[in-house]
Structures are given as structure tokens and as C-alpha cells.
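Heads up: the structure comes next, in C-alpha cells.
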Amino acid sequence: MSTPVVVYRDELLPYSETFIPAQVEHYSTYRGVYVGTTRTTQADALIPVEKSIVLSDFVSSPAVWKTAFKLAGVIHPGWLNALKELSPHLIHAHFGLDGVFALPLAQRLQIPLIVTFHGYFATADIQLSPNLTFASNFFKQRGKFFRELYARRRDRLFQNAHCGIAVSDFIRSQLIAKGYPADKIQVHYIGIDIDQFVPNSRVERESVVLFVGRFVEKKGCQYLIQAMSRVQAVMPEVELVMIGNGPLKSRLEELAKNTLKRYRFLGVQPSTVVREWMNRASVLCAPSLTTETGESEGLPIVVLEAMAMQLPVVSSFHAGIPEAIAHAETGFLSAEKDWQTLAQNILILLQNRELHNQFAIAARNRVEQQFNLKHNTAKLETCYSQAALEYYSRR
């Protein structure tokens, strides 16, 4: 029987994080069990209930126990006993804050902790308030409170986690700059399922530029809309299709209404619908940027998915994106916020079918060679085995 490991994500599981179960489903020598404090409304569609151990299932007052766990590391006995009965080999937490939360569990269970850093908690410059008061921040500014909590406990996490995993070379460099020991962090590309993301050559590409992601500052959506205004001035038949949701949605819809002729906001869509649009569209645009607080991407999975679908990507020289997209070979890159060049690159791919096809084939080949989820997950399991060997040999 395969060896159990805890896959920790405090909230199981946001719709934008399907890459986590995709990775777990490709384990071959380990068996992942999802652990967190809360289930989202879409959790049952993403992860099997029988493969999860969630704090809220064990208590009558979840809010109290979740707060005690996050702030003081107090672990409900029923939850802890369920984890002990599992006898996991290690804990793998996704995102830096989840690593902070998972550390007390790892210490109580006496197993190694591995943390994957994706973007925000490796890159953002988190400014600390003079006093992290519980009453003023926890109840009124919950997100800010936990971001600061992470910043205050980051050094402890860096010291006590067995190892860190960066989703790109860029993220690794950012973590080292923030004090993570260089010898304790390695790069691991998550990758995508190349057997699931396969283009259907019978479907004809349409005059569509596609965006898939959250409507937040680092995604650079406003610059995409500006670029599309210029694209439509030359090719009015081209449509912008936006899939996703987020706090900037209404502002972006208003901008599109005032500047574009053809556009659609489709909201959050299941992965099957996203793949259909990747098969229909002619270009995927991912104009990511560094925010004012220093927040960056890690390596957006949607970029790899599009490349696997032979959908050329127009993006930016940002974070780990150039590690996936070879400029002028598998896609086009431009400086952050440079919407004029963004528009120019979109037009080139829409107007030059030969180049479009050349990029499409090269992009698929690059994903097959470097970002194959099956192969990369096998490398991750090797990391698990090495971490366990090192940890248990010292006990």
C-alpha cells in the first residue's frame, strides 16, 4: 500500500488551485490526504471527501478551534488523533502562510514539513503595523492580519521547515533574498497533465484573444484591455474573452465597456470549459506584472495549459514566465505594462498564420519536455523520499 502524506491547504480548496489535486492524483509511490481547517463550497467537486481530514468536521464550534489553531497552534484532539491514525510520512503545505499553519502539526506528529511557495508569500513586501493587535486587525482586516502574521513567523518557518520548494527559479531567488537558506530550497515545476490538455485539430481557431485567471492587480488585465482596443482598431472582428473572477471585475467590465467593441466576461468556468476555449481561441494573453507591494506571480499554470493546447501565449517578462515561454520561439514576451507592444504581438500572431502554427508546435514540445506533470511529480516524490530519509535518520 502506498505511503500516506498530508497535503495541507488551510482552505480546501479554492477553484483556482486545481493544480494541487492534479499533482496529488499523479502520485505513484505516495498517497495524498488533504488536510485543512475549512471546506469551500466547491470542495466536493475538487477533492474526494474520503481523502480529506478537515478540522471543521470534528468540532461544533469551528471558528473557535480554527482561530486557536492558527494563532496559538492549539490542535483539536479529535483532529490530531485522526492524523495520528493516518501515520503520514510528511506534510506538504502549499503557500507560505499554510506552511506557518502546518508547522505545529508537523511538530506534534514528528514528521518533516515541506512547503511549496508559489508567488505572494515569496515576493510581496509585507509592511508590518506597529502593533499587531488582535482586536483591531483580526476582526476588521482579517487578510491583512494573517499576511502580517506570516511575516512575523516567516523566519521560524524558514528555520524549521525541512525544505522549501519554489515553483520557478525566480521564486527561489526571491526566497533566498528574504532569508531562506539556499541549501534548503529547490526548484520544482509543477507541470500539467499533457494527456488531458490535448488540442482537437478538428476545431477551427476563432478570432478570439483569451484570458483565464483572477481579476487582481498582478494579472495586468487593464493593460490587456488597453491593448485590445488597439487590436480591434486594426481587426474589429477580434473578440476578448475573459474567464475568471476577482475584486477588480466591475472596474475591468467598465473599462471594457468604454473601450472595446467585442468582449465577454464569462465568470468562473470548470476546467472542461476552459479547455474548450483554449481550443477555440487564437491567442492566450497573460500580461502579468509586479504590484506596488512587490507581489509577483510564480509561474502561472494557465500559461503551461495553453502551451500544451497549442495556443500561443502573449505575456510579459515577469517572474517565472520566461522560464516557460521562450521569447519569439514559443510565444511573445514584452515589458510589464507595455500595452502597445502587447497589442503588436497579438496582432502579429493573428495576422501571421504560419508563425502562429510554428509557435503552437514549439510550445507543445516545450511543455512535453519540461512541464510534464507525470514526470515532474515523480521528481517530487523523490524529493519526499529524500526529505524523509534525512529527517528520520537524524531522530
Return yes when Y391 is buried (at least 17 other Cβ atoms within 10 Å of the Cβ), among the aromatic types (F, W, Y) and modelled with pLDDT under 95 and no when it is not. yes
I'd like the full set of residues that are part of a loop (DSSP other than H, G, I, E, B) and aromatic (F, W, Y), limited to segment 169-194. Y180, Y189
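Please pick out the residue among L248, L240, L266, L224 that is within 22 Å of the chain's Cα centre (by Cα) and either among the aromatic types (F, W, Y) or under 24 Å from A360 (Cα atoms) (or both).
Within the list L248, L240, L266, L224, the selection yields L224.
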Here are some conditions: (1) of a type outside the set (G, A, S); (2) free of Cβ contacts under 8 Å to residues at least 40 places away in the same chain; (3) surrounded by 15 or more Cβ atoms within 10 Å (Cβ to Cβ); (4) not in a strand (DSSP E or B). I126 meets all but one. Which one does it not meet? (2)
Output for Cβ contacts, cut-off 7 Å, separation at least six or different chains, first residue without any contact (Cβ under 8 Å) to a residue 40 or more places away in the chain in segment 187-206, second surrounded by fewer than 18 Cβ atoms within 10 Å (Cβ to Cβ), reads V187/D169
Residues within segment 302-321 that are assigned to a loop (DSSP other than H, G, I, E, B) and free of Cβ contacts under 8 Å to residues at least 60 places away in the same chain, tallied: 3
How many of the residues in segment 345-364 are part of a helix (DSSP H, G or I), among the polar types (S, T, N, Q) and free of Cβ contacts under 8 Å to residues at least 12 places away in the same chain? 2
Matching entry among L12, L71 (being under 26 Å from V303 (Cα atoms) and at pLDDT below 95): L12
Residue count for segment 72-92, restricted to those that are within 27 Å of the chain's Cα centre (by Cα) and in contact (Cβ under 8 Å) with a residue 60 or more places away in the chain: 6
Residue check for S385: in contact (Cβ under 8 Å) with a residue 24 or more places away in the chain and within 17 Å of the chain's Cα centre (by Cα): no
Would you pick out the residues in segment 45-84 that are in contact with a Lys or Arg (Cβ under 7 Å, 6 or more places away or on another chain) and closer than 17 Å to E11 by Cβ? V54, L55, S56
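Mind telling me which of the residues Q269, Q222 ends up being free of Cβ contacts under 8 Å to residues at least 60 places away in the same chain, closer than 18 Å to H318 by Cβ, polar (S, T, N, Q) and in the same structural domain as A335 (by TED's automatic domain parsing)?
Q222
The values are calculated or read from the model by the stated rules, or taken from the named source; none is laboratory data. Remember, it's a predicted structure, so these values are computed and weren't measured experimentally. Quick reminder, even Gly has a Cβ in these numbers, built from the backbone with ideal geometry, and neighbours come from all protein chains shown.
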